[in-house]
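Single-structure report; data block below.
The values are calculated or read from the model by the stated rules, or taken from the named source; none is laboratory data. Fair warning: this is a prediction, and the values are worked out from it, not measured in the lab. Neighbour counts run over all protein chains shown; Cβ positions are idealised from the backbone, glycine included.
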């Protein structure tokens, strides 16, 4: 089974292909490839595109995503002084892929791998495509949360987009005691710009 998975992954590389083309490249039967590819989609190893072909899935995109996002999150933390995080969705929960903690003694922080219920928080609302959150993004470029999940803490998040698909959210978490107007008004523009930069650089890396 693992050998066949490896054959399919090697056959795709960074291109897309139909089940019949994958069968030709791997030497497996079309029915076997199709059944295996659908199972790999379920586990995030592959994804299906609009024409029905298969491409490498989000597990591989995330690896590139983390490499690109880390320096951008670090720069955002240095600019704002607050904790920056990258969140992804898995089922009905969200997981912290990257966190760059504030250097203040009082800070909002969660370790990498932290799991939170959806749709709590600004990132949670985005990852569940909450209508009000999406409207806020359309209007401002960001969505904020003020003490909704944890009293005394606020956040502002923006979507990380790859070819019109939200693949993650960038979140800046901040103690409300350091907020001047609101998390969004204070930091939203910087967060939205950083999220856009991640998506743009990831898209460019996929075209190389």
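Segment 137-208 holds strands (runs of 3 or more DSSP E) entirely within its bounds, and those carrying 1 or more residues that are within 22 Å of residue 44 (Cα to Cα) and in the same structural domain as residue 123 (by TED's automatic domain parsing) map to 153-162, 165-175. Is one or more of the residues making up segment 124-132 at pLDDT 95 or above and over 28 Å from residue 57 (Cβ atoms)? Checked against the condition, which is being at pLDDT 95 or above and over 28 Å from residue 57 (Cβ atoms), segment 124-132 yields at least one hit.
Please go through segment 156-176 and give me each residue that is at pLDDT below 95 and surrounded by fewer than 17 Cβ atoms within 10 Å (Cβ to Cβ), ordered by number. Those that are at pLDDT below 95 and surrounded by fewer than 17 Cβ atoms within 10 Å (Cβ to Cβ): 163, 164, 165.
Scanning segment 101-122 for residues that are surrounded by fewer than 15 Cβ atoms within 10 Å (Cβ to Cβ) and not in a loop (DSSP other than H, G, I, E, B) yields 115, 117. Filtered by the rule that a residue be crowded, with 19+ Cβ neighbours inside 10 Å and assigned to a helix (DSSP H, G or I), segment 32-57 gives 33, 36, 37, 40.
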